[in-house]
Every structure is written in structure tokens, then in C-alpha cells.
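First up is the structure itself, then whatever we jot down about it.
What follows is calculated from the coordinates using simple rules that are stated; it is not laboratory data. As the structure is a prediction and not an experimental result, all values here were calculated from the model. Note that each Cβ is placed from the backbone with ideal geometry, even for glycine, and that neighbours are counted across all protein chains shown.
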Amino acid sequence: MRLRIAGCGSLTAVLLIGIACAPAATPSGAGRASTPVRFSAGSALDLRMGLAHDARITAALAQISADTIRVTDSMLVSFGTRHTMSDTLSVTRGIGAARRWVHSTLSRYSRDCGGCLRIEYDTATVVVERHPDKPAIMNVNVLAWLPGRDTSRVVVIGGHYDSCVCAAGGAMARFDTSANAPGADDDGSGTSAVIELARVFARAFPRGFDATVVLALYSGEELGLLGSTALAQRLHRSGYRVVAGMTDDIIGNVVADDGRVDSTSVRVFSGDPDNGPSRELARLVWGLGATYTPELEVVPVFRLDRVGRGGDHAPFWRLGDAGVRFTERLENYKRQHLPTDRLEDVNFGYVARIARLNAAVVASLASAPATPDSARARRDAASGGQYWRLAWKPVPGAHGYEVLLRATTSPTYERVIDVGADTTYLLREQLDDAWGAVRAVGSNGHRSIAAVVPPPTFVAR
Ligand SMILES: [Zn+2]
């Protein structure tokens, strides 16, 4: 929904909150002085940020089923343990049986849509650095590719199907390959949500989107993000442009050990810097959540992950991609990395709510043009340096562009300025005092992740 405010100074502004429009601006010294815009520093933000609603996506969200997700997770738990180094030969127990079941389930979804998904075992030989013997193992992810019209851009969302009893005590608990490790929440919940996206996308979008979607079920997470690291590196090595690398990890618990309950909000973690790709993706997720799934509050957390913890978005973030992690609002540490991570403690209505948010984000990102990451800004000389000239290269498939503005202290954008099909814009603001960004708009109304101008210096750790 977009509110077009007519007569708003010389800007065609789509105003999202109660910010005063700039009066008709005149270059410095060329007439009466204009009053600079005062940014509101986060008060009364409209989180939808000018995002449009797509009825096809809303219809697909309704197909996401808590019952189907429960059945998937119950199957994962039935394999006893899904430890990355557990038995691979048994047909009933261990990670080999688990991944063959995941592969066959995804293959069935693909058969039902005439082969719209490409199912793959994504293998890599990796060294388990955390193990005292540093063994080399074959790590096996299972991937479902939904090819888009542009096969060079990929939107990745994953969950890790491996489990552990890492917290069971003893230095070698992490490498206990025979103990029961149900992993119903960590990360049967995220794995089941991602598999549900495959089922629903195959039915609702068998011809795919603009960008390619990769639904990734990772192994080796508990041993040091082995599967996601291998996939992120493979995608970069193979020349793909990664639109986003997201993970669902621990998304099914709603009761904390102190009795607090929360089934209506989800945390979205994103790594620094505050103007980098991951944070910009988090802002878009925030806006898409408000647009498509307002019953689930997105709680953005502006840090890479929980304190001392890691996840499968981090390898993408490290490579400079946009990466975020979806995680339940309240964790129960007596049920993580332990035999007590049981199916009966997972709330599947809650998992389904998060899966709907995931689906809205993935479908929107894959429907949008690429980010105008060529955007640059320079001071406008004619205004005595009070205005800025923004410019960017045309983005294939873009119908138009929008300039976004926020106070440096505001968590997300406060103004959206429709600049039409132009690839340059005179911003009548002092960019020293704000963050500006440019995003591409498709003819279907979908918006890309925003690119901050001037671009930040990105320093990964
Ligand atoms: Zn996990």
C-alpha cells in the first residue's frame, strides 16, 4: 500500500510516517531558505515501507500447513539421531536414512509439479576442525532448486537437518553419534518449515520466479556450519549472485523455562554493519512481515546471532551476502542439544506462522529485480553542497526506482521517494545527516533489497 502525497515540495514523495515534507526547495542562494527535513528517529514508523501486496503470494501462504510440518518433523525425529557423523547405511536410523527421506520427499513434491524442482545431494569433503582428530568427512546437504527466469541470481533459505546432544556433558558429547538426538526444535523445526516451502512453492509457483530459489537442508551445522559454508562457497565459486542466504534455526519453542510464553513474534538476526546487505535484508524482512503476516511480529535484532551462538546465515554474511537468521522469540535451553528436544514440545502453529513469513520473504525477493548496487552519491555543487546527486546503473527488469531515507539513528527507513524510471536523482537533503538508499521496483510491484549510498565499507570477521 502506498500513500502518494501530492504537492509535497518538489519531491514526489511516498510518505510513510508523520515527517514534515520539505518545503519547495531552492538551491542555496537562489531564493528563500528551505527548512531541512527533520527525521523522526524511529517514532511511529510505518514498517511496510511502501511495499506492495501480491495476491498470489498471499494465496500461497494460506497453503502452508502446520499439520504437514508436524508430519515432516515427526519423520525427522523418528531417525533417532541425525548426527552428521552417525550411521549412513541403516534405513531406519542415522543421518543417511534421514537425508534419503528428505531427498525422496522433495522428489515427490517435484513429481507432483511435473519436475519443477531440481533435487540434489550437495556433497563436499570437509575437515571437522572442532574434532580433536580433525577428520575429513563427506558432508551432504540436500537441495531443492526452483529455477527462475534468471538462473544466475539465487535466493537461499535453509534449515539444518543434523542434530546433536552437544550439551549432554563431557568434551566429546558433540561427537556422540549413537545417542538419541531428536532435534525436534533444533533444527527439525526449521528443516520442516523449509521442506514445507518446497511443497507449497511447487504447487503455487511451478514456473518459478524471476530469480532462482534454493531450499537448502544443511548437514554439519552442529560441527561448525560445515554444510552452509560449503554451499555459500560453492555458489560464489560458480559465479552465482546470492540475493540472500537465510536460515530457519530453532523456530518451534514458545515456552521459556521460566514459564513465559510467546507464539506471536519471531527474532530476525542480522550482522553488521548497520548499512550493509544483511541489515538491509533485515529491514526488508521487517517490512514484508508487516505487509504479509502482521499476526506475527518481526523482532529485528541488529547482531549476527545470539551471544556465543552461530547459524547457517553466517557463512553468507562472511562473504558479503545479505544473510539473516529466523529464531523463536523464547528459547528453552533445557531442550536444546539434549535428548529432551522432543516433538511434543514444538508448537507447529508457531512454526507455520514463521514459515509463512519465510515464504513471503523468499517469494518477494525472488520476484523483485536485483539490487541497484552500483548506486553512488556525490555532493551537488549548484546547491553549495546542501543537496546530493544520486546515480545508479539501470537494473535489468526494473520498472522504476525508489530512494529511501532514514535518520542515522532510526532503525529503518522513514521516507520512500518514487523517482520513476530515472537512474539519477537530486536529493534535496543533506546526506551527511541521514542514510539514503536506492531500491529497484519491478513492473509487478516487488522491491529489491535496498543499496545504501554511498556504499558502506564492509568488514566481515
Ligand atoms: Zn541449530
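Observations
- Whole-number percent relative contact order across the stretch 318-461, with pairs defined as alpha carbons under 8 Å at least 6 apart: 26 percent
- Relative contact order, percent, the stretch 180-243 [alpha-carbon distance under 8 Å, six or more residues apart]: 19 percent
- Contour minus Cα-Cα distance for Arg203 and Asp67 (0.36 nm per residue): 47.3 nm
- Bins of 10 Å, starting at 0 and running to the largest distance - Cα pair percent for the stretch 74-139: 20, 38, 32, 8, 1
- Between the beta carbons of Glu344 and Met172, assuming R0 = 25 Å, the FRET efficiency works out to 0.30 to the nearest 0.05.
- Rg/Rg_ref, the chain, where Rg_ref = 2.2 N^0.38 Å and atoms are Cα: 1.01
- C-alpha center-to-center spacing [the stretch 400-435, the stretch 319-353] in angstrom: 36 Å
- Local electrostatic count at Leu231 - Lys and Arg +1, Asp and Glu -1, tallied over other residues with Cβ under 12 Å: -3
- Relative to the current alpha-carbon distance between Leu319 and Lys134, full extension at 0.36 nm per residue lengthens the span by 64.2 nm.
- Between the residues Phe302, Ser443, Ile251, the greatest Cα displacement towards the positive end of the dipole of the chain, with unit charges on the Cβ of Lys, Arg, Asp and Glu, is found for Ser443.
- Put a dot 7 Å past the Cα of Arg111, heading toward its Cβ, do the same for Ser152, and the two dots end up 3.6 nm apart.
- Förster radius 45 Å - calculated FRET efficiency between Ser238 and Lys334, Cβ distance, rounded to 0.05: 0.60
- Relative contact order (percent, whole number), the stretch 55-367, Cα cutoff 8 Å, 6+ residue spacing: 23 percent
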